[in-house]
Protein chains: 2
Amino acid sequence: MATLGAPTKKHKVTIIGSGNWGSTIAKIVAENTKEHPELFQEEVQMWVYEEDVMVPKDSKHYDSSKGESPQKLTSIINTYHENVKYLPNIALPKNIVANPSVVDAAKGSSILVFNLPHQFIGRISKQLEGNILPYARGISCIKGVNVTESEISLFSEWIGEGLGIYCGALSGANIANEIAQEKWCETTIAYDPPPIDSRVATPTGPSPSASRVNLTITPADEEHRDVLGRISKTKLKALPSEYPPLDHATFKTLFYRPYFHVRMVSDVAGVSLGGALKNIVALAAGFVDGRGWGDNAKAAVMRVGLLEMVKFGKEFFGQTVHTGTFTEESCGVADLITSCSGGRNFRCAKMAVERGVSVDEVEAKELNGQKLQGTSTAKEVNSFLKARGLEAEYPLFTAVLDILEGRNTVDDIPALLARADDD
Amino acid sequence: MATLGAPTKKHKVTIIGSGNWGSTIAKIVAENTKEHPELFQEEVQMWVYEEDVMVPKDSKHYDSSKGESPQKLTSIINTYHENVKYLPNIALPKNIVANPSVVDAAKGSSILVFNLPHQFIGRISKQLEGNILPYARGISCIKGVNVTESEISLFSEWIGEGLGIYCGALSGANIANEIAQEKWCETTIAYDPPPIDSRVATPTGPSPSASRVNLTITPADEEHRDVLGRISKTKLKALPSEYPPLDHATFKTLFYRPYFHVRMVSDVAGVSLGGALKNIVALAAGFVDGRGWGDNAKAAVMRVGLLEMVKFGKEFFGQTVHTGTFTEESCGVADLITSCSGGRNFRCAKMAVERGVSVDEVEAKELNGQKLQGTSTAKEVNSFLKARGLEAEYPLFTAVLDILEGRNTVDDIPALLARADDD
């Protein structure tokens with residue numbers, strides 16, 4: 001089946017989503033498809049949730065002759081090459097084509113990049129099911145994981161299982177607006193399809209001994225997945241040999257920019273968990289900072305939190321999770337540092353302690369109806385741990401919820417963490 | 001030789017040094033010797049570099065009837081139980097005895113805690129040589145390492161070899177004044193004496209497979225040490241069996257407080273290197289922050305820097321160094337976070353970029369004659385790497401020196417670090 005000749009087909013790339021982060025990722029990808037015609041078709045399709053938008057008066061695209069009449073967001077993007085609503089004042093490459101139909105946008109694409117609010121995943125997957133190339137591969141840029149009392153699932157798994165394709169994950173210390181302005185930062189991409197696709201086992205791909213992601217059922221995994229009550233049933237289709245291989249090197253080429261450095265890893269669960277669990281730790285950092293304990297104490301809760309993130313990953317995703325994903329990659333330690341510097345969870349927790357009020361009060365007063373991710377993640381993770389009798393094994397995660405719910409105060413943190421020092 | 005009976009002797013502890021950090025550590029240790037009479041003699045000797053001191057007028061110990069006459073610092077400490085000069089307004093435990101003679105202070109002590117400016121190590125070691133218990137053990141709280149073009153040496157090694165004893169190391173995200181006020185933080189203690197002392201191989205001690213510190217010469221180490229041009233010749237004396245064992249548990253008991261959490265490790269080199277190399281990274285973080293690139297970029301240089309710290313440790317201290325010492329302990333990632341939040345190196349580098357002047361200029365203008373550790377460490381580490389042709393393997397460390405010396409600017413950092421992204 002494999003041919004040794006040069007690939008005759010090029011990858012078509014579709015971005016599913018066009019918000020602040022989706023438009024930024026589309027910009028990056030479109031710059032790279034243009035620079036690498038040996039691998040990719042130049043045109044990048046971007047699915048846009050269609051809406052009527054007024055070009056803001058302060059936009060350079062505002063045309064007084066058209067007055068106040070709203071226009072379609074896709075038409076604005078395709079005319080002005082700018083997403084005036086969600087990523088204003090950033091020029092998008094002309095090879096991005098905004099498309100209001102997700103089915104049409106994804107048609108014939110071998111690479112699907114998912115970058116939309118997680119609430120949309122179910123609906124969009126239903127629309128795409130059966131309408132995509134069966135051998136397509138996905139990358140999810142959606143931060144967070146789904147945690148309920150009974151299970152934790154990764155958005156990349158959800159997408160992959162819904163569409164019957166393999167889906168990796170991208171996460172890092174990435175604030176979309178800064179990247180759109182080409183301020184330098186890094187990210188981590190996890191991609192490790194099961195060996196069904198023989199093209200992956202090239203020297204540039206992940207080694208066969210690298211962590212297996214959740215679509216492969218090894219005996220150890222099987223037992224583990226049983227505990228969590230879900231076993232993937234996806235059967236993957238091999239990428240036809242006419243395409244350039246979809247390996248680490250190809251994905252790095254698709255996402256790497258001089259201002260957006262990329263490290264490829266194989267640990268999809270670790271990459272996904274980092275972006276969710278860090279929000280709990282950021283609340284703890286805010287509590288300690290608000291209490292006036294200084295930078296040492298803040299660094300201490302961050303360190304303890306980082307290790308609880310590792311422990312959580314290893315305990316519930318087993319062999320597939322590597323310590324280094326949390327302690328050495330952008331999706332782990334760097335994202336945690338950023339969130340504990342000026343992130344929303346950090347700031348609200350800090351204000352709550354300084355003002356002597358609850359985090360919920362600060363949230364209601366300061367966030368204009370937006371919700372903190374850390375508080376809901378702390379709750380969900382706690383229910384999940386409680387259902388397994390493991391709360392005490394995660395003293396920082398547990399302390400954060402107990403402080404949020406008034407059973408403890410920040411002053412209890414040192415004593416609550418005493419056991420975390422055990423060698 | 002070993003007896004199974006209860007120990008009949010108790011450890012006497014001496015603190016060598018009484019500055020800001022030395023007095024803080026003396027407070028911690030004296031609180032613990034009092035609480036643990038089963039292990040330690042209550043009285044803690046503290047060597048004080050004697051000087052004539054005026055009690056400040058705003059001190060509660062200022063006695064207008066004594067007027068302006070200076071008093072001996074040892075006498076002030078022993079009378080008022082406060083180091084009015086170096087740790088003012090902090091009550092010291094009454095079981096600390098300030099002693100102007102280092103030989104007398106260390107006499108009969110089985111535990112020596114070194115906490116003095118590194119410039120004093122040579123002189124003090126000479127005075128102590130032959131005047132201490134031959135089976136004493138040391139802990140160095142002195143931050144940093146000695147780097148020259150030809151070698152890197154640890155202060156703990158220097159002390160240990162000078163006195164013919166084993167010496168471990170304590171380092172962490174530890175600002176003395178905050179700890180003295182009992183604001184919570186953490187630290188890391190590395191202690192792993194070679195197996196000559198049979199008492200160490202208790203179940204609570206480090207496992208035999210744990211990293212060996214530099215006093216033990218294994219074949220691999222021997223080759224390695226040859227490269228660095230130094231081989232330890234220390235012959236250790238076993239601790240008499242009348243004493244409680246000097247293992248991880250005992251040292252943890254000596255240093256752990258509710259406000260000062262301790263993790264014990266075996267990697268002395270890693271613990272010592274963290275406190276030195278972080279200063280180079282803090283300069284890089286300051287450059288990037290001063291350039292206005294935001295928290296993502298700052299977290300990115302910290303992450304890259306942390307991995308260069310690991311690489312440096314492994315390359316020059318081989319098997320004895322663990323990645324986790326840098327990425328998981330207070331002496332590594334937490335100390336780095338603190339230094340990159342508000343540390344002096346970070347602040348001066350940031351100001352330099354903001355003002356468009358050199359770091360040397362900021363140093364001269366802002367630091368009142370004090371010197372930045374990061375700039376000298378960057379220079380020393382670079383000469384060491386250059387002498388081995390390894391500069392290019394450490395792109396961040398090298399970039400920092402090149403920016404300090406005007407060969408590059410902060411804008412070059414992303415391109416200079418591009419190779420750090422290689423998988």
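Condition check ((1) within 24 Å of the chain's Cα centre (by Cα); (2) buried (at least 17 other Cβ atoms within 10 Å of the Cβ)) across all residues:
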| position | (1), (2) |
| --- | --- |
| B:SER59 | no, no |
| B:SER65 | no, no |
| B:SER69 | no, no |
| B:THR79 | no, no |
| B:PRO88 | yes, yes |
| B:SER101 | yes, no |
| B:SER109 | yes, yes |
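Remark: pairs (first residue in segment A:320-343, at the interface with chain B (Cβ under 8 Å from one of its Cβ atoms); second residue assigned to a loop (DSSP other than H, G, I, E, B) and β-branched (Val, Ile, Thr); Cβ separation under 8 Å; 6+ apart in sequence or on different chains) = A:THR338/A:ILE175.
Determine whether segment A:24-44 contains at least one residue that is farther than 23 Å from A:ILE142 by Cα, surrounded by 18 or more Cβ atoms within 10 Å (Cβ to Cβ) and of a type in the set (A, V, I, L, M). Within segment A:24-44, one or more residues are farther than 23 Å from A:ILE142 by Cα, surrounded by 18 or more Cβ atoms within 10 Å (Cβ to Cβ) and of a type in the set (A, V, I, L, M). Residues in segment B:5-16 that are in contact (Cβ under 8 Å) with a residue 24 or more places away in the chain and surrounded by fewer than 24 Cβ atoms within 10 Å (Cβ to Cβ): B:PRO7, B:THR8, B:LYS9, B:LYS10, B:HIS11, B:LYS12. Take the conditions (1) buried (at least 24 other Cβ atoms within 10 Å of the Cβ); (2) without any contact (Cβ under 8 Å) to a residue 40 or more places away in the chain; (3) more than 21 Å from A:ILE142 (Cα to Cα); A:LEU306 misses just one of them, which is (3). For B:TRP21, the stated conditions do not hold, so it cannot be described as surrounded by 18 or more Cβ atoms within 10 Å (Cβ to Cβ), of a type in the set (A, V, I, L, M, F, W, C) and touching a strand residue (DSSP E or B) at 6+ places or on another chain (Cβ under 6 Å).
Among residues that are within 14 Å of another protein chain (Cβ to nearest Cβ), surrounded by fewer than 20 Cβ atoms within 10 Å (Cβ to Cβ), part of a helix (DSSP H, G or I) and out of contact with any helix residue (DSSP H, G or I) (no Cβ under 7 Å at 6 or more places or on another chain), A:ALA415 is included. Listed by first and then second residue, the pairs linking a residue in segment A:239-264 that is facing chain B (nearest Cβ under 8 Å) to a residue that is in a loop (DSSP other than H, G, I, E, B) and among the polar types (S, T, N, Q), with Cβ atoms under 7 Å apart and 6 or more places separating them unless they lie on different chains, are A:HIS248/A:THR204. Candidates B:GLU182, B:GLU186: the one that is within 14 Å of another protein chain (Cβ to nearest Cβ), at pLDDT 95 or above, buried (at least 23 other Cβ atoms within 10 Å of the Cβ) and under 30 Å from A:VAL288 (Cα atoms) is B:GLU186. Test of understanding: among A:GLU361, A:GLU366, A:GLU354, which residue is more than 8 Å from chain B (Cβ to nearest Cβ), under 21 Å from A:GLY406 (Cβ atoms) and at pLDDT below 95? Being more than 8 Å from chain B (Cβ to nearest Cβ), under 21 Å from A:GLY406 (Cβ atoms) and at pLDDT below 95 holds for just one of A:GLU361, A:GLU366, A:GLU354, which is A:GLU366. Residues in segment A:72-94 that are out of contact with any helix residue (DSSP H, G or I) (no Cβ under 8 Å at 6 or more places or on another chain) and not in a helix (DSSP H, G or I): A:LYS72, A:HIS81, A:PRO88, A:ASN89, A:ALA91, A:LYS94.
How many residues are without any contact (Cβ under 8 Å) to a residue 60 or more places away in the chain and within 12 Å of B:SER18 (Cα to Cα) when one looks only at segment B:60-87? Number of matching residues: 6.
For every residue, the table says whether it meets (1) assigned by TED's automatic domain parsing to the domain that holds B:ILE142; (2) out of contact with any Asp or Glu (no Cβ under 9 Å at 6 or more places or on another chain).
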residue	(1), (2)
B:TYR256	yes, no
B:VAL281	no, no
B:GLY290	no, no
B:GLY305	no, yes
B:GLY313	no, no
B:THR323	no, no
B:THR327	no, no
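Checking the structure you have, find out if any residue of segment B:270-283 is more than 19 Å from the chain's Cα centre (by Cα) and either part of a helix (DSSP H, G or I) or surrounded by fewer than 24 Cβ atoms within 10 Å (Cβ to Cβ) (or both). Yes, because at least one residue in segment B:270-283 is more than 19 Å from the chain's Cα centre (by Cα) and either part of a helix (DSSP H, G or I) or surrounded by fewer than 24 Cβ atoms within 10 Å (Cβ to Cβ) (or both). All of (1) more than 30 Å from B:ALA415 (Cβ to Cβ); (2) within 12 Å of chain A (Cβ to nearest Cβ) hold for B:VAL304 with one exception: (1).
The values are calculated or read from the model by the stated rules, or taken from the named source; none is laboratory data. Bear in mind that the values here come from a model prediction, so they are computed numbers and not experimental data. Reconstructed Cβ throughout: ideal geometry from the backbone, glycine too, with neighbour counts over all protein chains shown.
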